[in-house]
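Just below is one structure, and these are the notes that go with it.
The values are calculated or read from the model by the stated rules, or taken from the named source; none is laboratory data. It should be emphasised that the depicted structure is a prediction, and the values quoted were computed from it without experimental measurement. Cβ: placed from backbone, ideal geometry, glycine included. Neighbour counts: every protein chain shown. Please note that ligands, DNA and RNA were not included when accessible areas were found on the heavy atoms of the full protein model with its side chains. Shrake-Rupley method; radii C 1.70, N 1.55, O 1.52, S 1.80 Å.
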Amino acid sequence: MSDVRAPRRTTATGGAAVAAVVAAAVLVATVVVAVTIGPAALSPADVWHVVATRLGLGDVLGHAAPDRLVDGMVWQLRLPRVLTAAAVGAGLAVCGVVMQALTRNPLADPYLLGLSSGASLGAACVLVLGATVLLPVAAFVGATAALAATLLLAAAAGRGAGAGTGGLTPTRTVLAGLAVSQLAAAATSFVIFWSAKGDQYREILSWLMGSVAGATWTSVAIAGGAALVLGTLLASTGSMLDAFTFGDTAAIVALRPVRAAALGVPVARVRWVLLVGVALLTGALVSQSGSIGFVGLILPHAVRVLTGARHRALLPLSALCGATFLVWADTLARTVFEPRELPVGIVTAAIGAPVFALLLWRGRARS
């Protein structure tokens with residue numbers, strides 16, 4: 001039997017590797033092309049010229065100094081925005097995969113634990129106070145506070161029910177997240193109604209809908225660093241997430257049920273660690289982009305059509321596809337109604353809702 005299965009696993013692994021290489025190439029091309037699109041048209045050669053010069057390779061490659069206007073458009077305006085969108089898209093997609101596996105809920109996304117509502121509350125508070133410079137910090141603090149409230153509520157409910165694993169079951173976690181999310185949303189609405197004045201309404205609304213319009217290299221460092229460090233750590237847990245897919249008490253191995261602990265998965269501790277990791281990554285991303293919906297929900301389902309349920313292939317490919325998707329969504333947001341810009345969350349919802357409906361229809365047809 002092992003002789004028959006080995007080639008299949010090798011073929012599947014090779015196919016996933018090829019898909020990842022192709023997705024990475026598409027992402028690189030997407031970043032370059034997206035930077036060229038705007039009111040002032042640029043060429044890929046202009047982008048390469050500016051980037052090479054900024055990286056100190058201009059003399060080595062014999063490039064002359066780029067035009068100052070072109071340099072400013074590429075390096076100060078468009079490239080930070082595109083790279084921030086790529087980092088946010090990749091991180092949200094990875095978080096969506098992890099949340100769907102941990103909660104065994106196909107409708108789970110990174111905001112399921114109330115993170116988006118908590119971040120929105122923190123952002124609304126500093127915006128009505130006029131402390132815009134503290135917006136990223138307040139959003140991150142709000143997101144982590146919402147996570148803490150959700151996990152504490154879920155654990156307390158479990159202890160009250162006599163659960164043997166600290167009460168942190170998928171069902172209780174989802175319900176606790178829903179309660180915290182609604183409470184934070186109500187508090188946000190109260191802050192806006194009671195305190196917002198003038199242009200503060202527009203600022204808060206734009207943030208709540210999600211936008212990377214004000215991205216800088218600081219945004220790239222925060223979002224990109226979080227996606228690289230925390231996203232890589234989460235993406236390395238594929239085998240654990242495969243075990244969670246079968247539930248806490250049983251997994252299918254060699255066609256017979258065994259306990260998840262027998263697979264070397266300490267269920268309660270791993271779930272706590274992964275949930276905290278998702279929250280920290282989501283909080284860092286939301287602090288730079290606002291609440292961008294549908295990325296963490298749709299991308300895992302779309303990529304799963306190609307990879308199946310194997311998380312070792314699903315996680316990295318979801319990150320690459322999520323980055324590409326959000327870059328193009330933001331490009332549409334800033335160009336379709338030029339010179340006016342849409343919040344990118346409107347575009348992701350407009351694309352994500354029908355795509356999700358299509359995926360549901362395909363799943364219904366197969367069943």
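Quick check on my filter: what residues within region 124-143 are among the small types (Gly, Ala, Ser), at pLDDT 85 or above and over 15 Å from Ala185 (Cα atoms)?
Of everything in region 124-143, just one residue is among the small types (Gly, Ala, Ser), at pLDDT 85 or above and over 15 Å from Ala185 (Cα atoms), namely Ala138.
Residues of region 52-97 that are more than 26 Å from the chain's Cα centre (by Cα) and closer than 30 Å to Leu317 by Cβ: Ala52, Leu55. Of everything listed in (1) under 30 Å from Phe193 (Cβ atoms); (2) out of contact with any Asp or Glu (no Cβ under 7 Å at 6 or more places or on another chain); (3) in a helix (DSSP H, G or I), the single unmet condition for Gly130 is (3). State whether the residues of region 259-276 include one that is small (Gly, Ala, Ser) and modelled with pLDDT of 90 or more. Scanning region 259-276, I find no residue that is small (Gly, Ala, Ser) and modelled with pLDDT of 90 or more, so the answer is no. Apart from one condition, Thr237 fits all of (1) modelled with pLDDT under 90; (2) open to solvent by 50 Å² or more (accessible area, probe 1.4 Å); the exception is (2).
The conditions of being among the hydroxyl-bearing types (Ser, Thr, Tyr), part of a helix (DSSP H, G or I), under 20 Å from the mean Cα position of the chain (by Cα) and within 28 Å of Leu241 (Cα to Cα) are not met by Thr331. Is it the case that region 294-311 has a residue that's assigned to a loop (DSSP other than H, G, I, E, B) and open to solvent by less than 60 Å² (accessible area, probe 1.4 Å)? Yes, because at least one residue in region 294-311 is assigned to a loop (DSSP other than H, G, I, E, B) and open to solvent by less than 60 Å² (accessible area, probe 1.4 Å).
Would you please name the residue that is least open to solvent (accessible area, probe 1.4 Å), looking only at residues in region 83-107 that are within 15 Å of Leu275 (Cβ to Cβ) and assigned to a loop (DSSP other than H, G, I, E, B)? So the residue we want is Asn105. Scanning region 190-220 for residues that are at pLDDT 90 or above and open to solvent by 60 Å² or more (accessible area, probe 1.4 Å), we see that the one that is farthest from Leu134 (Cα to Cα) is Phe190.
Of everything in region 312-339 that's among the charged types (D, E, K, R) and more than 14 Å from Thr232 (Cα to Cα), which residue is most open to solvent (accessible area, probe 1.4 Å)?
So the residue we want is Glu338.
In region 181-194, the residues that are more than 12 Å from Ala123 (Cβ to Cβ) form Cβ pairs under 9 Å with partners that are of a type in the set (A, V, I, L, M) and not in a helix (DSSP H, G or I), at six or more places apart or across chains, as follows: Ser181/Leu112; Ser181/Leu113. Ala223 meets the stated requirement of being at pLDDT 90 or above, closer than 28 Å to Asp330 by Cβ and touching a helix residue (DSSP H, G or I) at 6+ places or on another chain (Cβ under 8 Å). Return a yes/no flag: does region 51-62 have any residue that is crowded, with 16+ Cβ neighbours inside 10 Å and at pLDDT below 85. Yes, there is a match, as at least one residue in region 51-62 is crowded, with 16+ Cβ neighbours inside 10 Å and at pLDDT below 85. Applying the set (1) in contact with a Gly (Cβ under 7 Å, 6 or more places away or on another chain); (2) modelled with pLDDT under 90 to Leu285 leaves exactly one unmet item: (2).
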